[in-house]
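The values are calculated or read from the model by the stated rules, or taken from the named source; none is laboratory data. Source: prediction; values computed, not measured. Cβ placement follows ideal geometry from the backbone for every residue including glycine, while neighbour counts extend to all protein chains displayed. Remember, those area values only see protein heavy atoms, side chains included, never the ligands or the DNA or RNA. Shrake-Rupley method; radii C 1.70, N 1.55, O 1.52, S 1.80 Å.
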Amino acid sequence: MRRAIDLALMSKGRTSPNPMVGAVILKGGKVIGEGYHKKAGTPHAEINALSDAGKNAKDGIMYINLEPCCHQGRTPPCTKALIKNGLKKVIVGMIDPNPVVSGKGIRELKEAGIQVSVGLLEKECKKLNEVYVKYITTKTPFVLLKVAMSLDGKIATSTRESKWITSKLSRERVHRLRNEVDAVMVGIGTVLKDNPNLTVSFREKNIKNPIRIIVDSNLRIPLDANVLKPMTQLRRHSKPKVIIATTNGSDSKKIDTLKEKGIDVLLMEDNNGRVNLLNLMKELGKMEITSLMIEGGSELNYSALESDIVDKVIFFIAPRIIGGKEGIPAIGGRGIERLTDSFNIGDVIIDRVDSDIAIEGYLK
């Protein structure tokens, strides 16, 4: 099962809106076939493992981290292939939370005389597909909040200088996260201050730039902003889509101009003059955006936490102190008055990244 999980991870960030799945077939105590799902619309892990095993698959035992599908989607149901190839047993890591499948695939295999065992390394299998589980059960994206800050919790100095607080290795790790998520999201303040590209900077094969989402309630974005420019300098990379989320009262002429440039503009109802982030997540879910990393400023960071859209956080903390009342805090907004109302993090993992410390965990 650990090998199945490792195989599934080979396509991390590439299977959306599908889950990551790996499969291993054993016979006589030896591996006779392996496979993993590479991309939505391509054969599933089970089919690739069966193809690898060939005629030897009969009476084999398959280990797979997620329940085999039993419905016709972009590809045929995998349960039919497992039955046709005469597998003796299927060991499943976790039941598929998709209501179209959930338990039905296992029942179909059992009815065909195949032994089925469920729950091996279930915790690891659920963590592997935490994005898929969130999306398929709520139809909203899994949201990661990323913050790079000083030891005293600042993301910029009083003069708004922020490049670079954290180490080069920390920044590279952020770019690898961009390469894995469907989308990154910033507020208009970040665009006006930093004019970022929000693309993946390292050059390797199979690079995937994320969709870039700008929360811009009053549509203040300059038409020559870097995020709106064609990515001619990144020809090897996939061209990222750009979405601007604004409110219904925004300038209609500017909306038309942006649309003419190929920019998607989402008109959202406002929440005290700002884009309603909960509703925005629902709209992004309809677009099959399953994972989203927030790389915003202090105001968007607080709004995301306050709106209860954040699932996971990762804070990169540099061993430097900025100080000053005018320095920009990592989390702005109105804040809380009582500690009992604080945003608590669980399942915390602490990692060393060069001279920085990375702390990640899940919102309780």
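Structural remarks
- All positions within segment 292-344 that are touching a residue at least 24 places away in the same chain (Cβ under 8 Å) and either in contact with a His (Cβ under 7 Å, 6 or more places away or on another chain) or of a type in the set (S, T, N, Q) (or both): Ser298, Asn301, Ser303, Ser307
- Selection within segment 186-214 - under 23 Å from Glu161 (Cβ atoms) and either buried (at least 20 other Cβ atoms within 10 Å of the Cβ) or aliphatic (A, V, I, L, M) (or both): Val186, Gly187, Ile188, Thr190, Val191, Leu192, Leu198, Thr199, Ile214
- Scan of segment 145-177 for residues that are aliphatic (A, V, I, L, M) and under 27 Å from Arg3 (Cβ atoms), ordered by number: Leu177
- Of the numbered criteria (1) farther than 16 Å from Glu360 by Cβ; (2) in contact with a helix residue (DSSP H, G or I) (Cβ under 8 Å, 6 or more places away or on another chain); (3) charged (D, E, K, R), the one Asp311 fails is (1).
- Just one of the numbered conditions (1) at pLDDT 95 or above; (2) open to solvent by 40 Å² or more (accessible area, probe 1.4 Å); (3) part of a loop (DSSP other than H, G, I, E, B) is not true of Trp164: (1).
- Check on Leu121, at negative phi, in contact with a helix residue (DSSP H, G or I) (Cβ under 8 Å, 6 or more places away or on another chain) and surrounded by 15 or more Cβ atoms within 10 Å (Cβ to Cβ): no
- Within segment 352-364, tally of residues that are surrounded by 13 or more Cβ atoms within 10 Å (Cβ to Cβ) and assigned to a strand (DSSP E or B): 9
- Given (1) modelled with pLDDT under 95; (2) out of contact with any Ser or Thr (no Cβ under 8 Å at 6 or more places or on another chain); (3) over 25 Å from Asn272 (Cβ atoms), index of the condition Gly327 fails: (2)
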